[in-house]
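Derivation of every value follows stated rules applied to the coordinates shown; laboratory data play no part. What you see is a predicted model, and the numbers here were worked out from it, not measured in a lab. Please note: Cβ atoms are built from the backbone with ideal geometry, for glycine as well, and neighbour counts cover all protein chains shown.
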Amino acid sequence: MATYDFVFRALGLERWCTSGGDNAAPMSMEALVAQSSGEEASTSIWELPFPSMDRLNDACQAFPQSRNVTRGLEQGFLNVKDSMSVVLDPLTQPLSWMLEAALYGILNTPWWIVIPGLMLIVWLVSKSWQLLAFVAISLGGLAFIDYYSYAMQTLAIIMVCAFLCVLFGVPIGIAMSRSDKMRAGTIPILDMLQTLPPFVYLIPLIFLFSVTEPKLYGIAIILYAIVPVIRLTDLGIRMVDESVIEAAEAFGMTDRQKLYGVQIPLALPNIMAGVNQTIMMSLAMVVIASLVSAPGLGVLVLRGINNLELGVGLVSGLGIVLLAVMLDRTTKAALNRINASQKG
Amino acid sequence: MIKRSEKNTKIAIRNLYKIFGADPESVLGYVRDGMSKAELLEKHNHVLGLNNINVDVKEGDITVMMGLSGSGKSTLIRHLNRLIEPTAGEVDLDGVNIVDLSGKELRRLRREEMSMVFQHFALLPHRTVLENAGMPMDVRGVPKSEFEDEANKWLDRVGLKGVGDQYPFQLSGGMQQRVGIARALCSNAPVMLMDEAFSALDPLIRTDMQELLLELQSELQKTVVFISHDLDEALKLADHLVILKDGYVVQQGEPQEILIAPNDDYIVDFISDINRARVLRVRSVMEKTERPPENPAGEVDENDNLESVIARSEGETALTYIVTRNGKQIGTLKMTNLVKALVPTAASEEGLRTSAV
């Protein structure tokens, strides 16, 4: 006898319950004690259990247990996995190629080309001597303690992923800004992507793709980091001064002229703020993605945790901070230059 | 002066209605049957924007539409280039109803037939002054190298020589609006819409800009539709004045006529504040006669304002002047009549002013 027997009796489902076969859970300790002591476990109203799936299963064996939910989900996922892979594999294959090429490229180019090259980019984007000096010292320091190749791997992954985030995120943001329906549909997805714990991304991806493929962590990073650039592109375009848009219309601009001539240029500060956020979030994710074989500084952090190598963990963590500061300052400097040219 | 009836009608607004709300069509009938703005809002939750507007905009005129905020004047001007779609009615430009135009035809109209100047300038902040001025040509696909000369010409014309390479934020409000005007002129459109173009400027600059507009107008003879909430400005600029209230036309006509014979308390309130001597002109208060008066004190032009006549008479009220048009007498002006015309119209008892207290 279980607490909720009366429910099934009242509904006249006793026959269905007994016909349900052996869906019964192993006898619980509680029930065993009750049985051996030869008396019914009496339940007062204070101990009334919530009518959960397991409790209802106690009363009626045909009723599914809660573990069937997780198992069902798993089964369902495994069932569609193969057909999904058929579609997703070729679609995402270029991502693997890009990541492999970037990693190969950055590791097989001599340091005396890579470091000046990076410094040149920083200079072109920021035009700031201080920042250039900071980048030079940081990169030099990392190379000096033999963390160069790890740092470069991390950097290569971030660059590929951030580039793809912008490539897909900006058009999605533009589409959202133009259609309220599209916006209403996209925002819950973005909210979910942003609030899901980063580890959770990895679980379905591990089943879908092989852990040896770079695209596994590439997808995880892109999903996690694409959100801010989408949001801020949408916001930036929606915030463009109505009166300027009206003037553009009054002089007969087409939608395309309005988009490229007015909306995107005026939304650029916001879009760049989104790019900055996206780069920062890819950096956060690339460390977690080392769990699924992403190379770089994250691997050293993981080694520090796994082997309790305190020094390795701390130094590589510091290296990540340095990378983050470099990337953040460089993109912010670019953002400030855009702001300065637009508004005095 | 050419009579208004002899001028060509450039834009004809016919039975124009605009209702804002969820389903404007459904309440249009009530408005046609005479439901008021307040009643429509209360009973049907729709806002009456424009109520049966009929205005003829004559070619080469400055037509000023005046009213307080909420009177529908900005809504009305946006119907002329269909930035706002009407609920019912027609807007004919050179006899073609623009309400029926397709998207492509409408863009052509906005590019080639009508230009617009905005209250808050609405320049593109990321483009230089020169690029802003040349924007109408840029929109038509003319490359910068070709529109540069044209844009520079109009920048020079509005008094902005040599600032072409600066950005709008580097200019003062008055200068930014000059760019706005240069931009409108650069489109070479025959019609220029000006939405409270000078309202955001301080008084001295506003006077400058009004002078500039009148000067450009005497040279270019565009068809200008000007929106204003300032009666002095309206009287200074208008060839034809349309006064709006709650979305309908209270009175329209020659500014002088409206001043002499206001037909509504609302207008009486408006005009009770102004300097009548500066606005009224000799032709509005003279007696029409070709018989020369006894002992004329001198000749005045029909378009002189009364202030200048008072200055000439040095306050003497017994004098009589000959009024001339192109040197020929068309009437006489007794100073006593002039003084009578200056008697201020008191703010009306039931007008806005008293109800506001």
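Taking H as built 1.01 Å from N, whose amide H comes closer than 5 Å to the amide H of B:D61, not counting residues under 5 places away?
B:V224
FRET efficiency for B:K144 and B:E42, Cβ-Cβ distance as r, R0 = 45 Å, nearest 0.05?
So the FRET efficiency works out to roughly 0.25.
For the pair A:S83/A:N68, report the inter-label distance in nm, with labels modelled 7 Å from Cα in the Cβ direction.
So the two model labels end up 2.3 nm from each other.
Please turn the phi angles of the stretch A:146-153 into ³J(HN,Hα) values with the Karplus equation 6.51 cos²θ - 1.76 cosθ + 1.60 (θ = phi - 60°), one per residue in order, whole Hz, x for glycine and proline.
6, 9, 4, 5, 5, 4, 5, 4
So if I place +1 on the C-beta of Lys and Arg and -1 on the C-beta of Asp and Glu, and nothing else carries charge, what would the dipole magnitude of the stretch B:281-341 be about its Cα centre? I want it in debye, nearest 20.
My answer is approximately 240 debye.
How long is the gain from A:I338 to A:R303 if the chain were fully straight, where each residue apart is worth 0.36 nm and the alpha carbon distance is subtracted?
8.5 nm
Report ³J(HN,Hα) in whole Hz for each residue of the stretch A:255-272, in order, from the Karplus equation J = 6.51 cos²θ - 1.76 cosθ + 1.60 where θ = phi - 60°; Gly and Pro get x.
Couplings: 4, 5, 4, 5, 5, 7, x, 10, 5, 5, x, 6, 8, 4, x, 5, 4, 5 Hz.
Which FRET efficiency value, to the nearest 0.05, do you get for B:S308 and B:R108 by plugging their Cβ-Cβ distance into 1/(1 + (r/R0)^6) with R0 = 60 Å?
Efficiency at R0 = 60 Å is approximately 0.80.
Which ³J(HN,Hα) values in Hz, rounded to whole numbers, follow from the phi angles of the stretch A:54-61 under the Karplus curve 6.51 cos²θ - 1.76 cosθ + 1.60, where θ = phi - 60° and Gly and Pro get x?
5, 5, 5, 5, 4, 7, 9, 5
Under the rule that an exposed site lies in a DSSP loop and has at most 10 other Cβ atoms within 10 Å, name the longest stretch of chain A with no GluC sites (Glu not before Pro) of that kind, not counting the sites themselves.
A:41-344
For B:117-124, what's the mean count of beta carbons from other chains sitting within 10 Å of each residue's beta carbon?
Whole-number average of other-chain Cβ neighbours for B:117-124 is 5.
Which length gain, in nm to one decimal place, applies between A:A175 and A:F207 when the Cα-Cα distance is subtracted from 0.36 nm times their residue separation?
Value of the extension gain: 8.4 nm.
What stretch of chain A, leaving out the sites themselves, is the longest with no trypsin sites (Lys or Arg not before Pro) in a DSSP loop having at most 14 other Cβ atoms within 10 Å?
That gives A:128-342 as the longest site-free run.
Which value in nm describes the separation of the simple spin-label points at B:L220 and A:I45, placed 7 Å from the Cα toward the beta carbon?
Each label point lies 7 Å from its Cα, and together they span 8.6 nm.
Report the one residue of A:L56, A:S177, A:W112 whose Cα lies farthest in the direction of the positive end of the charge dipole of chain A (charges on C-beta: Lys and Arg +1, Asp and Glu -1; origin at the Cα centre).
Toward the positive end, the furthest listed residue is A:W112.
Listed here are the pairs A:K258/B:K104; B:K144/B:K222; B:K37/B:K58; which of them are more than 18 Å apart at the Cα?
Cα-Cα > 18 Å for B:K144/B:K222; B:K37/B:K58; rest within.
Using the Cα centre of the protein assembly as shown as the reference point, and only Cβ charges (+1 on K/R, -1 on D/E), how large is the resulting charge dipole? Debye, rounded to the nearest 20.
1380 debye
Summing -39500 (n - 2.57) over the DSSP H runs of n ≥ 4 in the protein assembly as shown and dividing by its residue number, what mean residue ellipticity at 222 nm do you reach, to the nearest 500 deg cm²/dmol?
-18000 deg cm²/dmol
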